[in-house]
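The values are calculated or read from the model by the stated rules, or taken from the named source; none is laboratory data. All figures in this text were calculated on a predicted structure; none of them were measured in a lab. Ideal geometry is used to build each Cβ from the backbone, glycine not excepted, and the neighbour counts take in all protein chains shown. Please note that ligands, DNA and RNA were not included when accessible areas were found on the heavy atoms of the full protein model with its side chains. Shrake-Rupley method; radii C 1.70, N 1.55, O 1.52, S 1.80 Å.
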Amino acid sequence: MLCVSLVDDDYYQRNRKLIADYLRSGSKGPKDGAHGMLGFELEHVVLRALPDGSSAPAEYEGPHGVAELLRRLRPHYDAPLLEGDRLVGLACPGETVTTEPSLQTEVSAGPHGSVTELAGEYRRWRSWVDPIVDELGLSLPELGYNPTAPTAELPLSPKFRYACMDRYLRAIGSYGPQMMRGSASLQISIDFSDERDAARKLRIANAIGPVMALMLDNAPIHEGRPRRYNLVRTRIWQDVDPARCGVVPGSLGQGFSFERYADWVLGVPAILVPDESSPGGWRYVGAQTFAAVYRDREMTRAEVEHALSMEWPDVRVKTYLEIRQADAVPAPYAFAYAALVKGLFYGEASLSVLEGELSQAGSEGGFVSAWDVTAAKDALILDEEGGYGARVYGRPVGAWADLLLRLAHQELDTDEERYLDPLDELVSSRETLAQRWLRVHDL
């Protein structure tokens, strides 16, 4: 919590306004042609084949390393992304490929106006990367957690940012390193027309997030052994760093504003900040908050963008909303999830129905609270039937999942509705991808 002297400080108020205005600049307006766009970020665990037929985590260097994978992909992209002289990513208009903390390879595509465009871009990337992966003896297992080794045996990407995060999070618990090194996620980004629309979508996305996490649960192995509970990534995120994760304080209530989001951002420990006078252009600041770091001057746009990137809530606000609860999944389910998000959050009828259903679903008779969201996560994580035996917000979680799919079907046109088919089948079976993987592998 920020001390009064910082909150009352002139530079605090200036930086608060800078952050809020930056968020507000993402407002598309109801008649803007860009409204309705989707962004897509899918992380891939990268493994290397061993002579005995088993797999191990990929390394950065070497003839079978992730750096070599990026070097071979380089002709398809306009620009390399470098950390000193080390290649850590690639970029071209509308698409980037980056290495995440433990060399997970993330593809970011969009924004695009349709799921078909997102799917086409991702499939094009797979047509480039799959032959290289095969040549290098690598694999991309499409799981939400590295299946081969515990956190202590997983390498760290050669980025100063990740070294700082690892140092800070390791000091406050074991789950931060697990999140960084072991997990892989799927994130879908959506637009908002104005501040009120952003607050509404943020509220709904936080509330239905546990249900969507179950629908995309795909982490059967945790720390090198069959998992002991459901929703491994959800459980890990609960204890990564409560100051910057979970539900943004106040975002489930009425009247949430960009200024309140800015207050939260400024009160979070910064870990590291841009600093041209420091080696590599970054400076480790640990538990010092962003408000304290910038108490004597205004933040630059780059510093605002960095501060927003260092907050990791279930749903994050930038100049768009990032819905972050899903595990990395195989492509057909990733496209299905993108279609689900589009149907739910770009349809007025869907939003209205969800608002109505959630407005009486809280434990105290009103809209669900942060406590209710936590209780929903806990019920799903600990359910002995793999999650679908749990009750969430007063009803079986399967009924919520069915509702989400039904609303999405009603909002999508025929061309995009077909992308929901794999998720329809999965939810109707009341089984998760993680459960199927364990069953197929007899674990």
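See the values below:
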read-out	value
Enumerated strands (runs of 3 or more DSSP E) restricted to the stretch 225-326, each holding at least 1 residues that are closer than 20 Å to residue 18 by Cβ and among the hydroxyl-bearing types (Ser, Thr, Tyr)	282-289
Verdict on residue 224 being in contact (Cβ under 8 Å) with a residue 12 or more places away in the chain and open to solvent by less than 10 Å² (accessible area, probe 1.4 Å)	no
Search result, residues across the stretch 102-126 that are within 24 Å of residue 176 (Cβ to Cβ) and open to solvent by 10 Å² or more (accessible area, probe 1.4 Å)	102, 106, 108
The stretch 351-402 - residue that is among the β-branched types (Val, Ile, Thr) and open to solvent by 10 Å² or more (accessible area, probe 1.4 Å) and, of those, farthest from residue 435 (Cα to Cα)	353
The stretch 17-32, subset of a type outside the set (S, T, N, Q) and part of a loop (DSSP other than H, G, I, E, B), residue nearest to residue 154 (Cα to Cα)	26
Count of residues meeting criterion [hydrophobic (A, V, I, L, M, F, W, C) and either free of Cβ contacts under 8 Å to residues at least 40 places away in the same chain or open to solvent by 10 Å² or more (accessible area, probe 1.4 Å) (or both)] in the stretch 300-334	3
Conditions (1) touching a helix residue (DSSP H, G or I) at 6+ places or on another chain (Cβ under 7 Å); (2) in a loop (DSSP other than H, G, I, E, B); number of the one not met by residue 384	(1)
Residue in the stretch 377-393 that is in contact with a Ser or Thr (Cβ under 7 Å, 6 or more places away or on another chain), within 20 Å of residue 219 (Cβ to Cβ) and of a type in the set (Val, Ile, Thr) present	yes
Residue that is most open to solvent (accessible area, probe 1.4 Å), among those in the stretch 337-350 that are over 25 Å from residue 432 (Cα atoms) and assigned to a helix (DSSP H, G or I)	348
Positions within the stretch 150-168 being farther than 16 Å from residue 100 by Cβ and either surrounded by 17 or more Cβ atoms within 10 Å (Cβ to Cβ) or among the β-branched types (Val, Ile, Thr) (or both), in sequence order	168
Selection count, the stretch 204-217, where residues are part of a loop (DSSP other than H, G, I, E, B) and either touching a Lys or Arg at 6+ places or on another chain (Cβ under 9 Å) or more than 21 Å from residue 333 (Cβ to Cβ) (or both)	1
Residue 192, sole failed condition from (1) in a helix (DSSP H, G or I); (2) surrounded by 18 or more Cβ atoms within 10 Å (Cβ to Cβ); (3) not polar (S, T, N, Q)	(1)
Residues of the stretch 95-134 satisfying the condition of being among the β-branched types (Val, Ile, Thr) and not in a strand (DSSP E or B)	115, 116, 129, 132, 133
